[in-house]
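Notes to accompany the following structure.
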There are 2 protein chains.
Amino acid sequence: AIQSIDYKTSHRTITLPGLINIAAFVPGIATRGSHDFEKVTKASIAAGFSMIRIMPLGFDSWVTDAGSLKVAQHNSLMGAYCDYNFAVAATNTNADQIQHVTADVGSLFLPFNHPSGSINKVATVIAHFAVWPAHKPIMTDAKTTDLASILLLASLHDRKLHVMSVTTKDDIKLIALSKEKGLKVTCDVSIYCLFLSQAEFPECTALPTADDQRALWNHLSAIDVFSIGSLPYQLAGEEAVPTVGIADALPLLFTAVAEGRLTVEDVRRRLHDNPTEIFELHEQHETTVEIDVDRPYVLQAGPVWSPFIGRTMRGAVSRVTFDGSTACLDGELMAVPPKGMDMSAHSLHSHS
Amino acid sequence: AIQSIDYKTSHRTITLPGLINIAAFVPGIATRGSHDFEKVTKASIAAGFSMIRIMPLGFDSWVTDAGSLKVAQHNSLMGAYCDYNFAVAATNTNADQIQHVTADVGSLFLPFNHPSGSINKVATVIAHFAVWPAHKPIMTDAKTTDLASILLLASLHDRKLHVMSVTTKDDIKLIALSKEKGLKVTCDVSIYCLFLSQAEFPECTALPTADDQRALWNHLSAIDVFSIGSLPYQLAGEEAVPTVGIADALPLLFTAVAEGRLTVEDVRRRLHDNPTEIFELHEQHETTVEIDVDRPYVLQAGPVWSPFIGRTMRGAVSRVTFDGSTACLDGELMAVPPKGMDMSAHSLHSHS
Ligand SMILES: [Zn+2]
Ligand SMILES: [Zn+2]
Ligand SMILES: [Zn+2]
Ligand SMILES: [Zn+2]
Ligand SMILES: [Zn+2]
Ligand SMILES: [Zn+2]
Ligand SMILES: [Zn+2]
Ligand SMILES: [Zn+2]
């Protein structure tokens, strides 16, 4: 599933295949009439992400059944600027209903850390495993004991599991050991967690501690994917808008590349190759992102809050080509009609 | 490690090898000057149990370090009427201290459901696995998510794990599935849980529901051991004494044998063969228990509370022979000096 390397380096830009955000947070995902989806896809394509996988848990609405999925799908008709797919969230009671939407979503999400509606019973997880197609992705935000628990259940039921937004030393070590022992587990880390910690934001317990953050960097080989996730939105507090954090992703990573902490290969694998393979995503043809990696610049305050304002960064997105047309040039969206597609039903498996 | 079958059936009595209670609850286990140990061993030998494994968590004291173990050992000098061994309980902070008592206890207990001092962090469990000898038994009372979690950790760290006092359908199913998939897990069920449920005692959530109890019976093949545990003490409430539940064990089981719900073989395996094998216990020579299985009798009220007073039972213990001498005849203890031994340091492994 991995395309041969198709980027070239020049002294100014690097060209990568269209990037993938496997955890796009859309606050009003299933809120009737919300424009959040449109805003998130627009910001995504401008930031180099031509494919997003949308988390089923928004800020005040979730996709848990056919009705809420219909709302999300309807909202997406307002304008999709990149390809996308939906997921459905498991609840303690919806294992039976989920089969009606299985074909229309890309993955099942098992939430363990959501204020209302976390699932935490072994029986619930098993009930969902029993009805979810064997080859379709399953994701979870489980941590600590819950994480160990669901890793066992996935292993006993022979399911692949993707763990989202790992933030602690214990969890990344557990995942690394599980991989070593042959469990079919993959994981992502929110890009913000690699560059921000509770040392700077003591009140934000969703961030790693400085010690946890060091452990994440030390276990880079166990991190399959870099994601955006809901963390920027949580961190922004009252400043939160649906698009927060999206534009920061590539500059943060390419600044780390310039500092020698990451390679271009590290980034491409975790924002394209691995997501494509893990989630069996379609290849996006004539879709690329060109990144200016040489010129440092100071991040200026703009309409979207960022904790990195005033910082010297690298890695500005200079051009995004989507399906053969230039979608974005030097940060400006082109006046082209949105042509992102709902790829939820895409599968490499004829049997799924 | 399993002795050949050495019991004979007559029309009146069955002779079994000395039985083992792998979960003896001693309320004042580590309370200075407590006579609870003496009382429990006396009641045990009278009830056919010639070997007991003592839970490290008492009612108001625990064995968690060298100091508390010393108190427990000292209390045992007041009189041990059967063989016994001690265990040590893991806490969130004692992984380092436990190595000083490893040689003097028979097993490590990982408590997940104790009011004060449950361990619940993955890191704590791993810290204990790191220092506990590979071949010494590890026990836990973990349930639901915690159970799944510790099963994974035990599997990743290649440890055998014994799960104590399973009470729910979900847990016994999870254990049965784990066994099927090759995990090294064993379990016990408290004898009270096979015969009492929340249907009769709605306020006692430590008992299984009627539905859970049915599931336990339906998964009998996944239950390695029958135990006594702390459940009788919990159930007795204000009537609780250290010896509650001990004398009820064999009559309950042999009444079930008479009713065709269990075989003698089922009982012998779960009170002798399996405990011996799982915990690598020593063989007790010239130690037997004779059980009158024919004559039904009505259980009379006595000094020790029982929820079965007035019920018609079978399976009275007619004689217990301990180390070649008759220790008990028709319920009366013989006037022989206590000669139970501390078998905590016994091991079949030269390497442990
Ligand atoms: Zn590609
Ligand atoms: Zn509309
Ligand atoms: Zn597949
Ligand atoms: Zn034997
Ligand atoms: Zn005394
Ligand atoms: Zn003394
Ligand atoms: Zn062994
Ligand atoms: Zn020995």
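The values are calculated or read from the model by the stated rules, or taken from the named source; none is laboratory data. The model shown is predicted, which means the values in this text are computed figures rather than measured ones. Note: ideal-geometry Cβ built from the backbone for every residue, glycine included; neighbour counts use all protein chains shown. Note: accessible area is taken over every heavy atom of the protein model, side chains too, but ligands, DNA and RNA are not part of it. Shrake-Rupley method; radii C 1.70, N 1.55, O 1.52, S 1.80 Å.
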Compactness of the stretch A:121-273 - radius of gyration and Dmax, Cα, Å: 16.1, 48
For the stretch B:142-199, the charge dipole (Cβ of Lys, Arg +1; Cβ of Asp, Glu -1; about the Cα centre) points to a positive end, and the Cα of B:Leu196, B:Val163, B:Thr186 closest to that extreme belongs to B:Thr186
Cα pair distances of the protein assembly as shown binned at 10 Å [whole percent]: 3, 14, 22, 19, 14, 11, 9, 6, 2, 0, 0
Of all DSSP beta bridges with both partners in chain A, the antiparallel percent, nearest 5, is 50 percent
Quick one: pull the percent of accessible area on the stretch B:262-352 belonging to carbon and sulfur, 1.4 Å probe, ligands and nucleic acids left out. 52 percent
Amide H to amide H, which residues 5 or more places from A:Thr186 or on other chains are under 5 Å from it, using H placed in the peptide plane? A:Leu161, A:His162, A:Val163
So, for the Cα atoms of the stretch A:1-149, Rg and Dmax in Å stand at 17.0, 56
Note to self: with every protein chain in place and a 1.4 Å probe, chain A gives an accessible area per residue in Å² of 40 Å²
Heavy-atom accessible surface buried between A and B, both sides counted, 1.4 angstrom probe, nearest 100 Å², is 1600 Å²
Quick query: amide H of A:Ser318 versus all other amide H atoms, modeled in the peptide plane; which residues come in under 5 Å with a sequence gap of 5 or more or a different chain? A:Glu290, A:Ile291, A:Asp292
Rounded to a whole number of µm²/s, how large is the Stokes-Einstein D of the stretch A:138-182 at 37 °C and 0.692 mPa s, given Rh as the Kirkwood radius over C-alpha pairs? 313 µm²/s
What is the sum of charges around A:Ile20, taking Lys and Arg as +1, Asp and Glu as -1, for the other residues whose C-beta is under 10 Å from the C-beta of A:Ile20? 0
Where Lys and Arg each count +1 and Asp and Glu each count -1, what net charge lies around A:Lys173 among other residues with Cβ under 15 Å from its Cβ? +1
Give me, ordered by chain and number, the residues 5 or more places off A:Phe279 or on other chains with an amide H under 5 Å from its own placed amide H. none
Interface residues of the stretch A:94-137, defined as losing at least 50 Å² of accessible area versus the chain alone with a 1.4 Å probe, are A:Val122
So for the stretch A:258-346, taking the charge dipole from beta-carbon charges (+1 Lys/Arg, -1 Asp/Glu), which of A:Ser325, A:His272, A:Val298 sits furthest toward the positive end? A:Val298
Roughly what % of DSSP beta bridges within the protein assembly as shown run antiparallel, to the nearest 5? 50 percent
FRET efficiency for B:Thr312 and B:Thr209, Cβ-Cβ distance as r, R0 = 25 Å, nearest 0.05? 0.45
Computed over chain B, the relative contact order (Cα-Cα under 8 Å, seq sep at least six) in percent reads 21 percent
Quick note, the stretch B:303-352: a/c under 1.5 would make it rounded; otherwise a/b > b/c is prolate and the rest oblate (a ≥ b ≥ c, C-alpha gyration tensor); here it is prolate
Please work out the FRET efficiency for the pair A:Met78 and A:Asp104, using the Cβ-Cβ distance as r and a Förster radius of 25 Å; give the result to the nearest 0.05. 0.85
Mind ranking B:Arg295, A:Arg159 by accessible surface for me, highest first, 1.4 Å probe? B:Arg295, A:Arg159
Over all pairs of distinct alpha carbons, what does the Kirkwood formula give as the hydrodynamic radius of the stretch B:221-310, in Å? 14.9 Å
Alpha carbons only, please: Rg and Dmax for chain B, in angstrom. 18.9, 56
Quick one: plug the Kirkwood hydrodynamic radius of the stretch B:147-221 (C-alpha pairs) into Stokes-Einstein at 25 °C, 0.890 mPa s, and report D in µm²/s. 191 µm²/s
Starting from the Cα of A:Lys42, draw a straight line to each of the lysines and keep only those under 30 Å, dropping any in the same chain fewer than 8 residues away. A:Lys8, A:Lys70, A:Lys136, A:Lys339
Derived scalar couplings ³J(HN,Hα) [the stretch A:80-90; Karplus, 6.51 cos²θ - 1.76 cosθ + 1.60; whole Hz; x for Gly, Pro]: 10, 8, 9, 5, 7, 9, 9, 10, 10, 8, 6
Between B:Glu277, B:Glu290, B:Glu200, where does the largest GNM mean-square fluctuation fall for chain B, given springs only between Cα atoms within less than 10 Å? B:Glu200
Apply 1/(1 + (r/R0)^6) to the Cβ-Cβ distance of B:Lys181 and A:Arg295, taking R0 = 56 Å, and write down the FRET efficiency to the nearest 0.05. 0.50
With runs of 4+ DSSP H residues as the only contributors, calculate the mean residue ellipticity of chain B at 222 nm using -39,500 (n - 2.57) per run, divided by the residue total and rounded to the nearest 500. -8000 deg cm²/dmol
State whether the stretch B:243-284 is rounded, prolate or oblate according to the following rule on the C-alpha gyration tensor (a ≥ b ≥ c being the square roots of its eigenvalues): a/c under 1.5 gives rounded; otherwise a/b larger than b/c gives prolate, and the remaining case gives oblate. oblate
Candidates B:Thr145, B:Thr255, B:Thr15: whichever shows maximal mean-square fluctuation once chain B is modelled as a Gaussian network with Cα springs under 10 Å: B:Thr145
Using only Cα positions of the stretch A:248-352, each an equal point scatterer, no hydration layer, compute I(q)/I(0) via Debye at q = 0.10, 0.11 Å⁻¹ and quote the log10 values to two decimals. -0.38, -0.45
Subtracting the Cα-Cα distance of B:Thr263 and B:Leu220 from 0.36 nm times their residue separation yields 14.3 nm
